[in-house]
Amino acid sequence: MSQTVISLSDGGNVLPKDLHRIRETQAQRRAIGSAIRALRADAQLSQATLAERSRLSTSWISRLESGKHEPTFESMRSLARGLGVSMAKLAKDIEVLEQS
């Protein structure tokens, strides 16, 4: 029995049953990026300043804010510290954006 395969823009392929999971992951990445961007703007920090405070690269933060990078727990902890917020606040902001 043949399965339908969907070609992705990055050259990869995916089965339709996996498409929902991929879309969910992309939505989560966008929510994380939006939350970081909003908290950074509230703190009146540039990406460069946040990078310095959190000991991450400016390009990494840029990719994260644009939803192209998935952070680890350690990087989220570093970002929270750099933003001057608790992990709980960061998680709550992400959760709110995921639900909107």
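The values are calculated or read from the model by the stated rules, or taken from the named source; none is laboratory data. This structure is a prediction, so every number in the text was calculated from the model and none was measured. Here the Cβ is made from the backbone with ideal geometry for all residues, glycine too, and neighbour counts use every protein chain on show.
Condition first: among the acidic types (Asp, Glu), at pLDDT 95 or above and part of a helix (DSSP H, G or I). Can you find one or more residues in region 7-26 that meet it? Show your work before the answer.
Going through region 7-26, the residues among the acidic types (Asp, Glu) turn out to be 10, 18, 24.
From the residues that got through so far, the ones that are at pLDDT 95 or above too are none.
Within region 7-26, not a single residue is among the acidic types (Asp, Glu), at pLDDT 95 or above and part of a helix (DSSP H, G or I).
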query: When you scan region 32-69, how many residues do you find that are at pLDDT below 95, surrounded by 14 or more Cβ atoms within 10 Å (Cβ to Cβ) and not in a helix (DSSP H, G or I)?
result: 2
field: Candidate set from region 70-90 (those that are without any contact (Cβ under 8 Å) to a residue 40 or more places away in the chain and more than 24 Å from THR25 (Cα to Cα)); member that is surrounded by the most Cβ atoms within 10 Å (Cβ to Cβ)
entry: GLY82
